[in-house]
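Step one of this worksheet: look at the structure below.
The values are calculated or read from the model by the stated rules, or taken from the named source; none is laboratory data. Model, not experiment: these values are computed from the prediction. We place every Cβ from the backbone using ideal geometry, glycine too, and count neighbours over all the protein chains shown. These area figures cover heavy atoms from the full protein model, side chains too; ligands, DNA and RNA do not enter into them. Shrake-Rupley method; radii C 1.70, N 1.55, O 1.52, S 1.80 Å.
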Amino acid sequence: MKNDTDNPWKEALEKFFKEFIELLFPEIFLHIDWEKGWEFLDKEFNRISKDNLSAKKYVDKLVKAYLKNGSEKWFLIHIEVQGYKDPAFSERMFVYYYRIFDKFKKDIVSLAVLTDDNKKYKPSEYRREFLGCGLKFWYPAVKLIDFDFEELQNSKNPFSFVVMAQLKSILENDPLKKKDWKTELARLMFKKGYDKQKIVDIFYFIDWLVKLPEELEELYYKEIQTIEKEENMPYITTPERIGFKRGMDIGMEKGMDIGMEKGMDIGMEKALKSMIKVRFGNVSFDIERKINEASKEQLEKWIINFVNSRTIDEIFEEN
């Protein structure tokens, strides 16, 4: 069955690309010169995949990287994240392989990540043969349900949390157990000693992927805030992002009545007020007036400032 995991997976790949390769494709990791960096070629890949194939619901990335052999040789990594059984998947992997080669004339490695719960579904090659003419295309494929959960918990690699979140989202159906696990995963994340930005990025992915009923979400928010106080780590957490989302939802509703652009402005105002209330308590009259009178550009800037702010004043500082 298709699922709405495109956006969180795309974001996870962009933020944790090196960690992704290290955890899921360790042999390929050893061949990459990470000191030379890497580059996502989204625009180039969109031109290649601009047809009916790209209309299917899955995640794909094209990345430029360098070989660790003392040369300046670069190659391309094509990544597909597939969340359901698709008979045409291997054919699509082949089609994109030759399209990428036709455009760049460079070496390519195609990688498949299968996130579904079907243990019998693990495509890894494409074959064609006709009247003595044929071809065989094979590619590395990783099935997430093949990973050992305990090993993931013990891993120092932050991408292990992405894998665990994906596994729990498809294997755990009990909402209460899912909530308990989600909380424990957050507690484990703090204990790993990751820097602030990594924790924020992982939080976003987990919260986006592992959905809970509203009443359990509220309980989860409170538990996360307790953990943050225990660890003395006042990061932007799920409640703040949800406060932003609720504010934007209100703005969208109002936009239907008073115009979409104005509605979005109202949504940003509501979002920022909700986020401040979650982290710092009630919003004062002066701050509320300041937010109400701000332009769209100013609101966007303050929302960005909020991510790293430890006091209310830091939100409104001019950089």
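Compute, for residue 116, the solvent-accessible surface of its heavy atoms (probe 1.4 Å) with the complete set of protein chains present, and express it in square angstrom to the nearest 10.
Rounded to the nearest 10, the figure is 10 Å².
Give me the one-decimal nm value for the distance between modelled label points at residue 156 and residue 184, 7 Å along each residue's Cα-to-Cβ direction.
Between residue 156 and residue 184, the label points sit 2.4 nm apart.
Are any of the pairs 10/290; 120/191; 15/179 more than 27 Å apart by Cα-Cα distance, and if so, which?
10/290; 120/191, as the Cα separations exceed 27 Å there.
If amide H atoms are built 1.01 Å from N in the plane of the peptide, which residues on other chains or at least 5 residues away come under 5 Å of the amide H of residue 59?
For residue 59, the qualifying residues are 81.
Determine, for each peptide in 224-230, 77-83, the mean count of other beta carbons within 10 angstrom over its residues, then list the peptides with the highest first.
The peptides rank, most packed first, as 77-83, 224-230.
By how many nm would the segment from residue 316 to residue 44 grow when fully extended, if each residue of separation counts as 0.36 nm and the alpha-carbon distance is taken off?
Between residue 316 and residue 44, full extension yields an extra 94.1 nm.
Taking amide H positions as placed in the peptide plane 1.01 Å from N, state which residues far from residue 110 in sequence (5 or more) or on other chains have amide H under 5 Å from it.
78
From the phi angles alone, apply the Karplus equation (6.51, -1.76, 1.60; θ = phi - 60°) to segment 20-30 and give each ³J(HN,Hα) in whole Hz, x where the residue is Gly or Pro.
Karplus-based 3J(HN,Hα) across segment 20-30 equals 4, 5, 4, 7, 8, 9, x, 5, 6, 3, 5 Hz.
Under 5 Å between amide H atoms, partner at least 5 residues away or on a different chain: which partners does residue 32 have, H built in plane at 1.01 Å?
Those lying under 5 Å, H to H, from residue 32 are 68.
Using protein chains only and a probe of 1.4 angstrom, how many square angstrom of residue 283 are accessible, to the nearest 10?
Ignoring ligands and nucleic acids, residue 283 comes out at about 40 Å².
To the nearest Å, what is the center-to-center distance of segment 83-139 and segment 174-201, using C-alpha atoms only?
35
Quick one: what do you get for segment 4-154 if you divide its Cα Rg by 2.2 N^0.38 Å?
1.07
Can you tell me how much longer the chain between residue 216 and residue 103 gets when fully stretched, taken as 0.36 nm per residue apart minus their C-alpha distance, in nm with one decimal?
Extra length from residue 216 to residue 103 when fully extended: 35.7 nm.
Given the Cα-Cα distance of residue 121 and residue 171 and 0.36 nm per residue of separation, how much length would full extension add, in nm?
That pair, residue 121 and residue 171, stretches by 16.4 nm at full extension.
Among 207-217, 15-25, how do they line up by average Cβ neighbours within 10 Å per residue, starting with the highest?
15-25, 207-217
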